[in-house]
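The values are calculated or read from the model by the stated rules, or taken from the named source; none is laboratory data. It should be emphasised that the depicted structure is a prediction, and the values quoted were computed from it without experimental measurement. Reconstructed Cβ throughout: ideal geometry from the backbone, glycine too, with neighbour counts over all protein chains shown. Protein only, heavy atoms only, side chains kept; ligands, DNA and RNA dropped before computing areas. Shrake-Rupley method; radii C 1.70, N 1.55, O 1.52, S 1.80 Å.
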Amino acid sequence: YDPARTLPAIASHVGCRLGTLRYNVPDWAIEKIAERGGVCGVILCEHYVRDHVLPKPKTRDESLALIARHLDRMRSVAGLGVCALGSDHDG
């Protein structure tokens, strides 16, 4: 639909692939999204941000640290402009 590759790419409700969860995006995909001026919206879901490797958070601060880990990874891979954060209407 976009052979000239001019439209921004958006991956919403995702995390970085830190472990084995195929739902989360690998570094190469984050780079490609950033190249097209797009964003990756970090999901606020404990299951996805743990990515089968990180411990389950027990406090609000631990939950925020998990989210920050994904944002930091995206920033280190492709810069701050690729990072987005949000919640669904029920979040």
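Packing order of peptides 14-20, 77-83, highest average first: 14-20, 77-83 (average count of other Cβ atoms within 10 Å over each peptide's residues). Mean residue ellipticity, 222 nm, helices only, the chain: the sum of -39500 (n - 2.57) across DSSP H runs of n ≥ 4, divided by residue count and rounded to 500, is -11000 deg cm²/dmol. 3J(HN,Hα) couplings calculated from phi for segment 50-58 with the Karplus curve 6.51 cos²θ - 1.76 cosθ + 1.60 (θ = phi - 60°) are, in sequence order, 6, 6, 6, 10, 8, x, 5, x, 10 Hz; Gly and Pro show x. Mean separation of Cα pairs under 8 Å and 6+ residues apart, divided by the residue count of segment 1-40: what relative contact order is that in percent? Taking the mean separation of contacting Cα pairs over the length of segment 1-40, I get 50 percent. Hey, what angle do you get for helix 60-78 against the long axis of the chain, alpha-carbon based, 0 to 90 degrees rounded to 10? Tilt of helix 60-78: around 20 degrees. Using the 1.4 Å probe convention, the accessible area of the chain works out to 66 Å² per residue with neighbouring protein chains retained. The modelled label-to-label distance between Ala84 and Arg60, using points 7 Å beyond Cα along the C-beta direction, is 2.6 nm. Extension gain for the segment Trp28 to Ser12, taken as residue separation times 0.36 nm less the Cα-Cα distance, is 4.1 nm to one decimal. The portion of the accessible surface of the chain made up by carbon and sulfur, rounded to a whole percent, is 55 (1.4 Å probe; DNA, RNA and ligands excluded). Listed values (i) 38; (ii) 44; (iii) 62 include one computed from this model; for percent of Cα pairs over 19 Å apart that value carries the label (i).
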